[in-house]
1. Please arrange Glu144, Glu253 by how many other C-beta atoms lie within 10 Å of their C-beta, fewest to most.
2. Here is the link list: Lys65/Lys113; Lys70/Lys258; Lys126/Lys203; Lys126/Lys275; Lys110/Lys262; Lys236/Lys262. Which ones come out longer than 23 Å on Cα distance?
3. Extending each Cα 7 Å along its Cβ direction at Lys146 and Phe124, get the distance between those two points in nm, one decimal.
4. Hey, with R₀ at 30 Å, roughly what FRET efficiency would Lys138 and Lys259 work out to, going by the Cβ-Cβ distance, to 0.05?
5. Skipping prolines and chain starts, which residues have an amide H placed within reach, meaning under 5 Å, of the one on Gly227, given they are 5 or more residues away or on another chain?
6. Given 0.36 nm per residue, what is the gain on full extension from Lys115 to Thr74 after removing their alpha carbon distance, in nm?
7. Return the long-range amide H neighbours of Val197 (sequence gap of 5 or more, or a different chain), with a cut-off of under 5 Å between placed amide H atoms.
8. Between Thr157 and Thr273, what is the label-to-label distance in nm when each label sits 7 Å out along the Cα-to-Cβ direction?
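A short reminder: the numbers here are calculations on the coordinates, not readings from a lab. On a predicted model such as this, the values are computed, not experimentally measured, just so you know. Please note: Cβ atoms are built from the backbone with ideal geometry, for glycine as well, and neighbour counts cover all protein chains shown.
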Amino acid sequence: MKHIVYLFAALLSMLSATAQDFQGIATYESKTSMEDMKKFSAQNREITPEMQKMIEDRMKKMFEKTFILKFDRTASTYEEDEKLDSPNDPMAQGFKMMGSMMGGGGKHYKNVKTKAMLQEKDIFGKEFLVSDSLPGIKWIMVNESKKIGNYTCYKATAEVPVDKSNMMNYRPKKGAEEEMKKKSEDELKKTNFMEMVEMPDTKTITAWYTPEIPVSQGPGNYWGLPGLILEVADDKTVLLCSKVVLNPKEKAEIKAPKKGEKVTQAEFTDIMTKKIQELQEMGGGPGGGRRMRFGG
């Protein structure tokens, strides 16, 4: 009898060690619809068709990104697999700055056991560390399945609060496009972009997760399903997993970031809202002539 007890204890110990050692690396590709931006930029009559095409190509490149999620059973880090731009290309640097205002940023850490979330943000050269509780998501399971790679995935949807610090979440106001078409060139130059858009309070997201990888993890702030989230989409952006490596030979470091001035999500949203307003009052944009300053 003692031998059976010892054997059972040893088996539990082995299973516990295996669970602790379990790791994975998932690669995600993002695609974002540029239709709203195209509509607004098309109203600027000073932009030639050639310039419009160049802007669209740059925007497409800016929002077609690759992200790496490193995870174990309780924690994960998620960050962009950044490609080097030419240091002498001012337009590239301007688009990079714009990207940081539209949800881009440094390492994103979440711990589903302690419900902690940390994210690095670099805005106009000022580094912040957004530290807050991991937002809960009320998932609704849907009786649909599909294959993503070799994994069988199941569908879930949720209504989540909109991140008001992310400019990508702005939407054109109803009738804004028609109103802009009626304006003269002088009126268009005086038009404040912020008067033509609005920020919704919530958005609907659709996720596909696989119980074959039993971790409650996913890209960005998405988590809480009984399996790794391999795809997530809202009305503008789709994140799709293109590769998964389980238990890689080289163990990944899954550590919380520490760089930057520590603020809550609400405080960071307030900072971003004020900076966006300041940017509009200056009549410029990312990479413009006047430099944005942070108090303190």
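1. Glu253, Glu144
2. On the way: Lys65/Lys113 29 Å; Lys70/Lys258 17 Å; Lys126/Lys203 29 Å; Lys126/Lys275 12 Å; Lys110/Lys262 16 Å; Lys236/Lys262 30 Å.
In this structure, Lys65/Lys113; Lys126/Lys203; Lys236/Lys262 lie more than 23 Å apart at Cα.
3. In this crude spin-label approximation the distance works out to 4.1 nm.
4. After rounding, the FRET efficiency stands at 0.40.
5. Val215, Gln217
6. 13.8 nm
7. Lys173
8. 2.9
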